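Engineer: Quick one: this structure, given as structure tokens, is what I'll be asking you about.
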Amino acid sequence: MESYLFPFDSLICMLLGISFTVWFTLLLVFIIVPAIFGVSFGIRRLYMKSLIKLFEWATLRMDNGETLKRSLPPTSYLQHHHNPPVSLEQEIHEMRRGGAEPEFDMSDIFYFCRRGVESIVDDEVTKRFTAEELESWNLLTRSNYNFHHISTRLTALWGVGVLIRYGFLLPLRVTLAFTGVGLLVVLTSIVGLFPNGRMKNYLSDKVHLMCYRICVRSLTAIITYHDSENKPKNGGICVANHTSPIDVIILASDGCYAMVGQVHGGLMGVIQRAMVKACPHIWFERSEVKDRHLVAKRLSDHVADTSKLPILIFPEGTCINNTSVMMFKKGSFEIGCTVYPVAIKYDPRFGDAFWNSSTFGMVNYLLHMMSSWAIVCSVWYLPPMSRMEGEDAVQFANRVKAAIARKGGLADLLWDGGLKRGKVKEVFKEEQQKLYSKVLVGSSEDRSRS
């Protein structure tokens, strides 16, 4: 009996061998080799254009069926149609209808009640920590659970999309991710054996660029870089808005940076130890992270050496959902070096890059990313900026943040991204109390003069 099955076993083994050979040959020729030389065959952009036409057809089918009725206005409408800002003093004056202005009026309570209700109904903070709303369906159930039930054709198309994404794209992307990370660990460890000098720096740059470009291709990332003449240079700090952990490889696939972060264990720790052998990245122990003076000194020492790569920092300190830029921590703006702002804007139609760490773990998040259609984004390099005379670190940080928000088409918010997990700080409450006190004091002074 075994003699009859033997030819079939040999045939299966031969077919598997041919399949793996073809698979890795295609990876080598069309993905890994182009990543080494930094070239592209244009396959991903052709793929993106095909997806756009597919999404337009799906949207047209939904519009013709008139089965989807959106009760909320589009996200873009909400972002660009706010009422013009009015000062607290003006609003209270209007509420008192221009009458006498005593030190305190019971009607003032209604102003604060109304503002509180408005903040609850249209909370501009917490909605920055949820996925961005789409105006049309991208054939992913995670973007809307009801869209794929609209018609039989759309349901069939969604099913074909599932097979393509999980049967072909996901295995391909996982293979590329392991290839990129594996090469990064092995090659940076080898480069670390070279003596410090130009040759080591050159090899380190090439290895990092090659491996990050392979990792970018593992997400089918289609990136458009603008104003490359403003790319960060040695002796400076690159600051960017933060949407996802992949922001790092998005930027590092176009230029080399020194990373800043906390020392980790496990696989991340292995990668960190290998990277620091080839390039002077800045890793902090858990006990050192809260020591602001130590952190500032190590950053200052790094940027003082113009032979070292620019530092990459995300001053928001947390991921925001690609609709706004929130408060920048002032630490990286106290050093006194040149700051190179970078704006990153993702296209949510192809896949949502936002990482809601309160909902998804890293593994689950990466699975969502690798099973999406693609990651499409634009990167703008802004002109370098420095602190002006008489400008403190907070003002400088706000000026840089405003420039990034303006370039990326994002909302500029003053709120701290730490509100994702923490409560509102007392200082924000005190600011409102001070504003109201100024109104009362101003009213009393006006009456005393009269």
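The values are calculated or read from the model by the stated rules, or taken from the named source; none is laboratory data. Because the structure is predicted, anything quoted here is derived from the model rather than measured. Neighbour counts are summed over all protein chains in view; Cβ atoms, including those assigned to glycine, are modelled from backbone coordinates with ideal geometry. Note: accessible area is taken over every heavy atom of the protein model, side chains too, but ligands, DNA and RNA are not part of it. Shrake-Rupley method; radii C 1.70, N 1.55, O 1.52, S 1.80 Å.
Engineer: Out of Val363, Val342, I need the residue that is assigned to a strand (DSSP E or B) and under 30 Å from Ile43 (Cβ atoms). Which one? Steps first, please.
Structural biologist: Numbers: Val363 fails: assigned to a strand (DSSP E or B).
Result of the check over Val363, Val342: Val342.
Engineer: Read through the list (1) buried (at least 21 other Cβ atoms within 10 Å of the Cβ); (2) out of contact with any Cys (no Cβ under 7 Å at 6 or more places or on another chain); (3) more than 30 Å from Ser19 (Cα to Cα), then give the number of the only condition that Arg198 fails.
Structural biologist: (1)
Engineer: Right, next: Quick check on my filter: what residues within the range 300-330 are in a helix (DSSP H, G or I) and either without any contact (Cβ under 8 Å) to a residue 40 or more places away in the chain or under 25 Å from Ala374 (Cα atoms) (or both)? Before the answer, list the steps.
Structural biologist: Initially, the range 300-330 is screened for residues in a helix (DSSP H, G or I), giving 300-304.
If the condition is that a residue be in a helix (DSSP H, G or I) and either without any contact (Cβ under 8 Å) to a residue 40 or more places away in the chain or under 25 Å from Ala374 (Cα atoms) (or both), then Ser300, Asp301 are the ones that fit.
Engineer: Does Val207 count as part of a helix (DSSP H, G or I), touching a residue at least 24 places away in the same chain (Cβ under 8 Å) and surrounded by 18 or more Cβ atoms within 10 Å (Cβ to Cβ)? Steps first, answer last, please.
Structural biologist: On the way: part of a helix (DSSP H, G or I): yes; touching a residue at least 24 places away in the same chain (Cβ under 8 Å): yes; surrounded by 18 or more Cβ atoms within 10 Å (Cβ to Cβ): yes.
When the stated conditions are applied, Val207 passes them.
Engineer: With Val342, Val303 as the choices, which residue is at pLDDT 85 or above and within 17 Å of the chain's Cα centre (by Cα)? Give the steps one after another, and end with the answer.
Structural biologist: Details: Val303 fails: within 17 Å of the chain's Cα centre (by Cα).
Only one candidate passes the filter, namely Val342.
Yes or no, residue by residue, for (1) in contact with a helix residue (DSSP H, G or I) (Cβ under 8 Å, 6 or more places away or on another chain); (2) closer than 25 Å to Gly255 by Cα:
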{"site": "His293", "(1), (2)": "no, no"}
{"site": "Leu312", "(1), (2)": "yes, yes"}
{"site": "Asn321", "(1), (2)": "yes, yes"}
{"site": "Ile335", "(1), (2)": "yes, yes"}
{"site": "Pro341", "(1), (2)": "yes, yes"}
{"site": "Tyr346", "(1), (2)": "no, yes"}
{"site": "Pro383", "(1), (2)": "yes, yes"}
{"site": "Met388", "(1), (2)": "yes, no"}
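Engineer: Which condition breaks for Thr188 when tested against (1) open to solvent by less than 30 Å² (accessible area, probe 1.4 Å); (2) more than 27 Å from Ser40 (Cα to Cα)?
Structural biologist: (2)
Engineer: If you check Ile222, Ile249, Ile237, Ile214, which single one turns out to be under 21 Å from Glu316 (Cα atoms), open to solvent by less than 20 Å² (accessible area, probe 1.4 Å) and among the β-branched types (Val, Ile, Thr)?
Structural biologist: On the way: Ile222 fails: under 21 Å from Glu316 (Cα atoms); Ile249 fails: open to solvent by less than 20 Å² (accessible area, probe 1.4 Å); Ile214 fails: under 21 Å from Glu316 (Cα atoms).
Answer to the selection: Ile237.
Engineer: Moving to a separate point now. Can you name the number of the only condition in (1) more than 30 Å from Phe350 (Cβ to Cβ); (2) exposed (fewer than 15 other Cβ atoms within 10 Å of the Cβ); (3) free of Cβ contacts under 8 Å to residues at least 40 places away in the same chain that Met268 fails?
Structural biologist: Unmet condition: (1).
Engineer: In addition: Do we have Ile164 as within 22 Å of Ala374 (Cα to Cα) and open to solvent by 50 Å² or more (accessible area, probe 1.4 Å) here?
Structural biologist: Details: within 22 Å of Ala374 (Cα to Cα): yes; open to solvent by 50 Å² or more (accessible area, probe 1.4 Å): yes.
The answer is yes for Ile164.
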